[in-house]
Amino acid sequence: MEEPLIEIRNVSKVYDSGTVGLKNINLTIQKGEFVVVVGLSGAGKSTLLRTINRMHDVTDGDILIEGKSIIHYKGKELRKLRRKIGMIFQNFNLVKRSSVQRNVLSGRVGYYSTFKSVLGLFSKEDKQKAVDALKQVKMADKIYSRADELSGGQQQRVAIARALMQDPKIMLADEPIASLDPLTTKAVMDELKELNRKLGITVIVNLHSVPLAMQYADRIIGLRAGELVYDKSIAEVQETDFDSIYEGAAKENE
Amino acid sequence: MNEVPKRSFAQRFHLKLVVWSVLFIVLLCGSAALTGVNWGEFFSNIGQFFSLIGKMAHPDWKYIQIVIQPVIQTLQMAIVGTTIGTLIAVPFSVVAARNLVKNPVVRGIIRFILNLVRTLPDLLLAAIMVAIVGIGPSAGVWTLAIFSFGMISKLFYESIETIDDGQLEALRAAGANYFQIIVFAVLPQVIENFISYFLYTFEINVRASTVLGYLGAGGIGMLLQQSLDSFNYSQTAIIILATLIVVLIIDGLSNYLREKLD
Amino acid sequence: MSKASKNKKYGWIFWGILIIAVYVWAILGMNLSGIQSSAVQVTKSIFNGICHPDWHYVYNGSGEDLVSLIIQTLAIAFLGTFVSAFLSVPFAFLAARSSKHLQVRSKIGKFILVFIRTFPEIVLAIMFIKAVGPGAFAGVLAVSIHSIGMLGKLFSESLENMDHGAEEAILSVGGTKSDALFLATLPDIMPQFLSYTLYRFEIAVRSASILGMVGAGGIGTPLLFAIQTRTWSRVGIILLGIVVTVTVIDWISGTLRRKLG
C-alpha cells in the first residue's frame, strides 16, 4: 500500500484557556483525496485543519506528512513545510489595500527575503506564474485591481490563486464559502474540485453544509466536541448518518 | 475577459504614489530647513537634556506640601470652568442642531462662531484672559470656560443630530412648542451622552489647567513656571508627578462614571 | 415600593448631594472676586484691536512678520508630527494587547504613553531649549516627543482592533514574522495610521502656535509680546492669522482623511 500523505496519530489539543479543541484524533488521508470535514461550529474543525500546517500546535500525539513527523518543526523547517501547503480562509484574508497581483505573489514569500518581497522584487517566472494562477481561477482581468474593490467570491478566487502559487501538495480550506452567496459558493467549490481532479492536489475542506459535502466530497469526516465521530467514503454515506453529528443543533436553533 | 489588461502610463509607474511621496519629502525637507533642524547640535547637546532629566529624577519630596493647595485649586478651576462652558454650550448646541433648527442661516452663523472658538489654543486664551481679568485663578476659569464651550457645543449638537426623529414628529403633531419638544423629546434621549461628554471634556480640562498657570492663570502651573525659572528641577519633577497622579485619578474616575452610564 | 426603585431613589439623593457638595467646594475655593477693575476696558480695547488689525504686520520681508512666522509654525507642526509618527510605531507595538500572554508588556507600554501624554508640552519645550537653544528646532523636538503619547495610544488601539487574517495568510504560505509585518500588518494599518497622524497634525498646529510663548519658535513669541505690551491691533492680526491658518489646515487635513477612510 502507498504511504499515506497525512497521518494524524492520537492528536489532542487543549488551548491555553483550558478549552479542549481536539480529543485523541486518529486520521489517515491519502494523496489525491477530496475530504470534507463537517460539524457544528466549535466542534474543532478549524483546529484540526490548522494543526496540519502547524498554525496551531498540538498538545499531544503526532502528525506525519509523507512519513515525516512535523510536530517539532521550527523556524526554517516549519516554513518549508508550509510552503507546500496552501490554505484558504472564511474571510479570504487578503491584504485589502494591496493589488490582486501583489496578493497573489505573496504566495511565494516563503522563497524570498523580506526585503525583496516588500519591494516587490519577484522573479519574472513568478510574475508569469501569478498570471497563470489568476487565469486558472478566471481572474486575470482583475490583476491590477485593489483587493477591496472585488466581491467576496472574487476575493476568494484570488485567495485560491495565491495558494496555487505555492504548487501545493495539500490545500486546506477553512469554511471557504461561509461568507459567500449560493451562486459564488458553487463557483468556489467547483474551483476546488477542479484543482483536485486536474492537478491532483489533496483537498481538505471544512464545511457547515451536509448537502454540499455530499455533492463534492470523496470522503466525509464528522467532528463533535473535538472528537472524530464519523469517517466514511462518499459511496457509503447516508443522509441520516448526520443526525449524530448535529445532535443538539436543532435544540440550539430553537 | 480572462486576460491581463493593459495599464496606462500613470498606473504602470504608480504616478500618484510617486507624486504624493515627492510632495511629502519636499514638505519634510522644507520644514526642516525652516525650523533650523540641526541634528549635530542636538546630539552634541543631548547631554544637557539628560542632565535635566537626571535632576528631575531626584524629586524634592518635601515640596509635596507646597504643591497640594495649587493642585486642589487646579481641580476647582477645571470643575467651575467646564461647568460654565457647558451651561453656555447647551443653548448654542440646540440652535446648531440640524434637526431642531431648520433655518440654515441661523445654524450657519452659530456653527461659524463655534468653529472660530475651537481654533483658539488653550494657552493663547489664557494669555488673553490674564490680560483681561488679571493674574489668578479667575483667568484660568474663564479660559477653560471658553475652551470647553467650543468643544462641548460641537459634541452636543452632533449628539442631538443622531436622535430618533420619530419622537420629535410625534410631539410636533401633538402641537408641542419648541421648548416642550426639547424638554420631552430631545433631553431624555441625549442626557446620558451629554453627561459622558461633560466628563470627557472635564478630563481634558484637568490636563490643560495644569499648564495654564504658566502664563499666570492660576493653579499648579504657576509653581511650574517658578520652579523652571529658578532652575529648581527637583521641584519641577514633583509638580509633574503630582499632575500625573491627578490626571490618572480623574481619568479613572471619569471612565468609571462613563461606563456606569452605558 | 420595590427594593430596586427604593435604591434608585436613594441613589438619586446620594448623587445629588455629592454633586452639590463638589460645586460648593469648588466655587468657595475659587475666590472669584479677583477680577481686575479694568477688565471691561481691556476687553473693549481687544475687540477694537481685532476690528482694526495691524495689516502692515502681515508681510514686511523681515522674516519676523505674520506670514513667515505662521509658515514656520506649520513647519514645526508638520515635521514634529511626522517624526513623532515614526517614533510612535514601536511604542504602539509595545502597548498593543496581543491575544496571548505578555499582558505585562502591554501594561508597561500603556503606562509609558500615559506618562508622555501627561508630561506638559511646554515643559518639554523648555527642556529642549536648554539643549539646543531657543528657536523652532526646540519646538519641533517638543512636538515630536509629546505627540508620541497620543499617536502611540491611537496606533496601538488600531493594532488591537485590526483583523489579523492577512498576517495569518502570510504565515500559512511559509512567510516569516517580519514578512507578515511588512506585507500584511503595515499595508493594512497604514491608512489608519496616516489618518491619525493628520488628525494629530491639526492639534499640533494649535500647540505649535503657542510654543513660541516659551521661546520655541513660531508665531507664539510675537503674540505673547504683543499681549504683554498691549498692542491690541498686533494681537488682532495675529489672532486672525491663527484662526485662518487653523481653519484652512483643518479643512485640508479633513478632506485628506475622508479620502483615506
Shielding by other protein chains, C:175-182, mean Cβ within 10 Å: 6
D (Stokes-Einstein, µm²/s), Kirkwood Cα radius, the stretch B:62-261, 1.306 mPa s at 10 °C: 87 µm²/s
Cα-based Rg and Dmax for the stretch A:2-75, where Dmax is the largest Cα-Cα distance (Å): 12.2, 40
Total accessible surface hidden between C and B, rounded to 100 Å², 1.4 Å probe: 5300 Å²
Taking the C-alpha atoms of the stretch B:35-162, convex hull volume expressed per residue in Å³: 192 Å³
Accessible area (Å², 1.4 Å probe, nearest 10) - residue A:194: 60 Å²
Order of exposure, largest accessible area first, which applies to B:58, C:56, C:164 with probe 1.4 Å: C:56, B:58, C:164
Relative packing of peptides B:120-127, C:182-189, B:210-217 - highest average C-beta neighbours within 10 Å first: B:210-217, B:120-127, C:182-189
Computed E for residue C:260/residue C:177 - FRET, C-beta separation, R0 45 angstrom, nearest 0.05: 0.95
In sequence order, calculated HN-Hα J values of the stretch B:9-25 (Karplus, 6.51, -1.76, 1.60; Hz; x Gly/Pro): 3, 4, 5, 4, 9, 6, 4, 4, 4, 4, 4, 4, 5, 4, 4, 4, 5
The stretch C:80-141 - Rg and Dmax from Cα coordinates, angstrom: 14.7, 47
Nearby lysines by direct alpha-carbon distance to residue A:193 (threshold 18 angstrom, same-chain neighbours under 8 apart not counted): A:31, A:135, A:138, A:169
Share of alpha-carbon pairs per 10 Å distance bin for the stretch B:3-54, given as whole %: 20, 23, 21, 17, 11, 7, 2
Where A meets C: accessible area buried, both sides, 1.4 Å probe, Å²: 2000 Å²
D (Stokes-Einstein, µm²/s), Kirkwood Cα radius, the stretch A:22-162, 0.692 mPa s at 37 °C: 193 µm²/s
Anisotropy class of the stretch C:156-261 from Cα gyration tensor, a/c 1.5 cut: prolate
Percent carbon-and-sulfur accessible area, the protein assembly as shown, ignoring ligands, DNA and RNA, probe 1.4 Å: 63 percent
Residues in the stretch B:78-123 that, when all protein chains are in place, have 40 Å² or more less accessible area than the chain alone would give (probe 1.4 Å): B:79, B:80, B:119, B:121, B:123
Candidates C:165, C:16, C:133, ranked by Gaussian network fluctuation over chain C, Cα under 10 Å, top entry: C:16
Hull volume in cubic angstrom per residue (convex hull over the Cα atoms of chain A): 146 Å³
Inverse of mean 1/r across different Cα pairs in the stretch B:35-102, Kirkwood, Å: 17.4 Å
Distant alpha-carbon pairs in the protein assembly as shown (separation over 41 angstrom), percent: 49 percent
Chain C: DSSP helices with Cα axial extent of at least 15 Å and average Kyte-Doolittle hydropathy no lower than -1.0: C:3-30, C:39-51, C:66-95, C:103-118, C:121-132, C:136-161, C:186-211, C:232-260
Within a Gaussian network of chain C (alpha carbon springs, distance under 10 Å), most fluctuating of C:98, C:156, C:38: C:38
Protein-only accessible surface order, largest first, of C:12, C:55 at 1.4 Å: C:12, C:55
log₁₀ of I(q)/I(0) at q = 0.14 Å⁻¹ - chain C, Debye sum with one point per alpha carbon: -1.04
The protein assembly as shown - accessible surface per residue (Å², probe 1.4 Å): 48 Å²
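The values are calculated or read from the model by the stated rules, or taken from the named source; none is laboratory data. Everything numeric here is computed off the predicted structure, so don't read it as measured data. Cβ coordinates were reconstructed from backbone atoms using ideal geometry, including for glycine residues, and neighbour counts include every protein chain displayed. Side chains included, ligands, DNA and RNA excluded: accessible areas come from the protein's heavy atoms. Shrake-Rupley method; radii C 1.70, N 1.55, O 1.52, S 1.80 Å.
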